[in-house]
Amino acid sequence: MSNRRKVIGIAAIGLLLAVGVLFVSCNQTEDAEQQKTARLAYVNWAEGVAYTHVAQVVLEEKMGYDVTITAADVAPAYTSVAEGDNDVLMECWPVLQKDYIEKYGENIYDIGLVYEGTQVGLVVPQYMIEDGVKSVSDLKKPEVVKKLRGVITGIDSGAGLMNQIENEVIPEYGLDEAGLKLMASSGPAMTAALKKAIESNNYIVVVGWQPHWKFGVWDLAFLEQDKKTFWKEGIINMYGHKGLKEEKPELEQFLKNFYFTDEEMGDLLVAYKNSDDPYTMAQKWVEEHPSVWKNWIPK
């Protein structure tokens, strides 16, 4: 082989090596960029809206992530995580949503707790309790049904709590036979109806849960489950896409660390209730609570 051919051959090999290094470098850069993205799904419930925006602010401003948050009803939210369109569903109530967890169990997994000590059920203003409407069975009284106009004000139609009330609680307690129907709406629509009824001192029963800012604004109570107990204290956790830990280990660890005490959650919900914009609220809350979010960031 001539010297000229040797030079050309060496140059070609060098060029191929350079292209290979560039290709690997580009792939590494793309992988790093992919790892610094977060796609968070949430349901339009007050606590989930509030703390999902807090997570967004910390990830963006403290950890350099490109964050996308998506609001959805419960069913499509689970579907989006199972199919990998979102990394995590930020608010799961495992007892109430067991059907979705079982349905998508092969493609999602439990990341960890967000909050402990939840309570759910049928909620009424305190003045109804004082009038003698203290239990779920009391809703069947003809005069109560009349004052309620035959309606139990609900939330999202696909929510696990709604399905349970419709298919189990109402038949068990005979509320349908008494003329009561569950009316689907949304979290914000439910609180708007509650506000309107309380301002007029009217009767209303809503599908409610704790933690929620409404308990800090109005004097409310859960109706006693006097016939069969469907609800006890529970938890809120998160479910992620099954490949999250391998694809985005830092994000997964952040989500594992993401937790609120009762005091922290209460403080956050008051801030959310008093703000018109959840993102601005979250920025201010993060600024004022560094001792909380610093524990979420992986060491």
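So here's what we get for this one:
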read-out	value
Cβ charges +1 (Lys, Arg) and -1 (Asp, Glu), total dipole of the chain, debye	680
Those chymotrypsin sites (Phe, Trp or Tyr not before Pro) in region 53-145 that DSSP places in a loop and that have at most 14 other beta carbons within 10 Å	none
Sparse-neighbourhood loop sites, GluC sites (Glu not before Pro) in region 107-209 - DSSP loop, at most 11 other Cβ within 10 angstrom	Glu177
Distant-in-sequence amide H partners of Leu182 (H built 1.01 Å from N, under 5 Å)	Ile152
Net length gained if the chain between Ala178 and Glu224 were fully extended (0.36 nm per residue, minus Cα distance)	14.8 nm
Exposure of His289 as accessible area (Å², to 10), given a probe of 1.4 Å and all protein chains	40
Given Lys98/Lys228; Lys103/Lys228; Lys242/Lys284; Lys147/Lys232; Lys134/Lys228; Lys98/Lys195, the pairs whose alpha carbons are separated by over 22 Å	Lys103/Lys228; Lys242/Lys284; Lys147/Lys232; Lys98/Lys195
The chain, accessible area per residue, ligands and nucleic acids excluded (1.4 Å, Å²)	51
Summed side-chain charge close to Glu224 - residues other than Glu224 whose Cβ falls under 11 Å, Lys, Arg +1, Asp, Glu -1	0
Positive minus negative residues near Gly179 (Lys, Arg vs Asp, Glu; Cβ under 15 Å)	+2
Mean residue ellipticity (222 nm) of the chain, computed from DSSP H runs ≥ 4 via -39,500 (n - 2.57), nearest 500	-13000 deg cm²/dmol
Using a Förster distance of 45 Å, the FRET efficiency for Ser157-Glu246 (Cβ separation, nearest 0.05)	0.80
Reciprocal mean inverse distance between Cα atoms of the chain - Kirkwood radius, Å	21.6
For region 150-280, the Rg and Dmax computed from alpha carbons only, in angstrom	18.0, 55
Values of log10 I(q)/I(0), in the order q = 0.20, 0.24 Å⁻¹, for region 114-201 under a Debye, Cα-only, solvent-free model	-1.07, -1.45
Of Lys62/Lys214; Lys214/Lys256; Lys196/Lys273, pairs whose Cα-Cα distance is over 25 Å	Lys62/Lys214; Lys214/Lys256
Hypothetical label at Lys98: residues of region 140-173 whose amide nitrogen lies under 18 Å (7 Å Cα-Cβ projection)	159-172
Net charge contributed by nearby residues that have their C-beta within less than 15 Å of Glu252 (K/R +1, D/E -1)	+2
Apportionment of accessible area to carbon and sulfur, region 73-173, percent (1.4 Å)	44
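The values are calculated or read from the model by the stated rules, or taken from the named source; none is laboratory data. Treat the numbers as computed from the prediction; the structure is a model and nothing was measured. Note that each Cβ is placed from the backbone with ideal geometry, even for glycine, and that neighbours are counted across all protein chains shown. SASA here: full protein model, heavy atoms, side chains in, ligands and nucleic acids out. Shrake-Rupley method; radii C 1.70, N 1.55, O 1.52, S 1.80 Å.
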